[in-house]
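Single-structure report; data block below.
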Amino acid sequence: MEALRSFVAICETGTFRRAAARVNRSPSAISLQIGKLEEQINARLMTRDARHVELTDQGEVLLGYARRLLGISDEAMAHFRGSPLTGHLRLAAPHDLGVSQVPGILQKLAETHPGIVVDVSLGTSKAVQNMFANGEVNVALFNEVRDTSMKVQELSSEPLVWAMCEGGRAIERSPLPLAIAEVGCAWRKAALQALEKKGLSHRVAYSSDTSMGQIAALNSDLAIAVLPKSLVTGKLVEAPADYGLPPLPKTHIFLAHDGGDLAKVLIASLPHEGGR
């Protein structure tokens, strides 16, 4: 079961490093688990390189079984442990994290503490921080490229990069066409500030409230965009250095909470790289 849990974590996070943080093991231990799992079922589960992990056909089949097995196991443990906590928990997150991170968080919380009901609000990172500051939510999950004065836990961080369609020509146009998120997005601010600081002419060619919208624009070679490095996959590549685009900061996923019992049970189950 622990090997299956690590396998699912790799599939959901995209890398051995992030999976290791989620299950509180080292990347080498995770790699060993997967090797033994492949020996047990006599099948290759995944291929990997420096950028990403890709499931084989047999890996895709096992993923479905693994999720069902882990769900049953966690449900059984929650039943016999009998968590007494009940109540409403209010959580806010940006649109992207609302798709990529929040469903997994809610699923795990429902398995371990079925008496807790969670209400979710999605908005820009800036709006999420404001909601938390105003006491409108108990837990705030948000992206940020700069330091924050709030007491937070850092869940992960990675470089922001200039992304484009492989072989695309959008990067050669002037003014430079950008695909960016709505006002209040930390990545949008990083992109515009970097270009303005270097004095590069640019325009907003495509605006979306999620990174999936930006990626669609990039795949069609309508624009370039600033994205976390982990999202630069498939047809997307990092813009070559000889185009002279300015350097970018890292993006961080921060989590803030009000210290209440309901928030603490959610926080306790989350992987994080540090806190302050």
Worksheet entry | The one condition in (1) among the polar types (S, T, N, Q); (2) under 28 Å from residue 140 (Cα atoms); (3) touching a residue at least 60 places away in the same chain (Cβ under 8 Å) that residue 73 fails to fulfil | (2)
Worksheet item: Would it be correct to say that residue 62 is modelled with pLDDT of 90 or more, in a helix (DSSP H, G or I) and over 21 Å from the mean Cα position of the chain (by Cα)?
Response: yes
Discussion item. Looking at region 250-260 only, could you name the residues that are surrounded by fewer than 20 Cβ atoms within 10 Å (Cβ to Cβ), in contact (Cβ under 8 Å) with a residue 60 or more places away in the chain and closer than 10 Å to residue 138 by Cα?
Written reply: 258, 260
Worksheet entry | residue 126 under 18 Å from the mean Cα position of the chain (by Cα) and in the same structural domain as residue 256 (by TED's automatic domain parsing) | yes
Response to the item:
A careful count of residues in region 197-214 that are buried (at least 18 other Cβ atoms within 10 Å of the Cβ) and among the polar types (S, T, N, Q) gives 4
Discussion item. Just the residues that are of a type in the set (D, E, K, R), part of a strand (DSSP E or B) and either assigned by TED's automatic domain parsing to the domain that holds residue 113 or touching a Pro at 6+ places or on another chain (Cβ under 7 Å) (or both), please, taken from region 230-267.
Written reply: 250
Discussion item. Please pick out the residue among 55, 106, 69, 37 that is touching a strand residue (DSSP E or B) at 6+ places or on another chain (Cβ under 8 Å), surrounded by fewer than 20 Cβ atoms within 10 Å (Cβ to Cβ) and not assigned by TED's automatic domain parsing to the domain that holds residue 267.
Written reply: 55
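Regarding residue 141, is this residue assigned by TED's automatic domain parsing to the domain that holds residue 257, buried (at least 18 other Cβ atoms within 10 Å of the Cβ), under 18 Å from residue 182 (Cβ atoms) and not small (Gly, Ala, Ser)?
Numbers: assigned by TED's automatic domain parsing to the domain that holds residue 257: yes; buried (at least 18 other Cβ atoms within 10 Å of the Cβ): yes; under 18 Å from residue 182 (Cβ atoms): yes; not small (Gly, Ala, Ser): yes.
Yes; evaluated as a whole, the condition is true for this residue.
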Discussion item. Restricting to region 145-180, name every residue that is without any contact (Cβ under 8 Å) to a residue 60 or more places away in the chain, touching a Ser or Thr at 6+ places or on another chain (Cβ under 7 Å) and more than 20 Å from residue 241 (Cα to Cα).
Written reply: 180
Worksheet item: If we scan region 129-148, do we find a residue that is at pLDDT 95 or above and over 17 Å from the mean Cα position of the chain (by Cα)?
Response: no
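Among the candidates 19, 43, which residue alone is hydrophobic (A, V, I, L, M, F, W, C) and under 25 Å from the mean Cα position of the chain (by Cα)? Don't jump to the end; show me each part of the working.
Values: 43 fails: under 25 Å from the mean Cα position of the chain (by Cα).
From the options 19, 43, the qualifying one is 19.
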Worksheet entry | Restricting region 215-244 to residues that are among the hydroxyl-bearing types (Ser, Thr, Tyr) and under 22 Å from the mean Cα position of the chain (by Cα), the residue that is surrounded by the most Cβ atoms within 10 Å (Cβ to Cβ) | 230
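Conditions (1) under 24 Å from the mean Cα position of the chain (by Cα); (2) in a helix (DSSP H, G or I); (3) at pLDDT 90 or above, marked per residue:
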position: 78; (1), (2), (3): no, yes, no
position: 84; (1), (2), (3): no, no, no
position: 89; (1), (2), (3): yes, no, yes
position: 106; (1), (2), (3): yes, yes, no
Worksheet item: Which members of region 162-212 meet the condition of being hydroxyl-bearing (Ser, Thr, Tyr) and out of contact with any His (no Cβ under 7 Å at 6 or more places or on another chain)?
Response: 174, 201, 206, 207, 208, 211
Item to complete: Taking only region 149-165 into account, find how many residues are more than 16 Å from the chain's Cα centre (by Cα) and at pLDDT 95 or above.
Response: 4
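The values are calculated or read from the model by the stated rules, or taken from the named source; none is laboratory data. The structure displayed is predicted, hence computed values, not measured ones. Please note: Cβ atoms are built from the backbone with ideal geometry, for glycine as well, and neighbour counts cover all protein chains shown.
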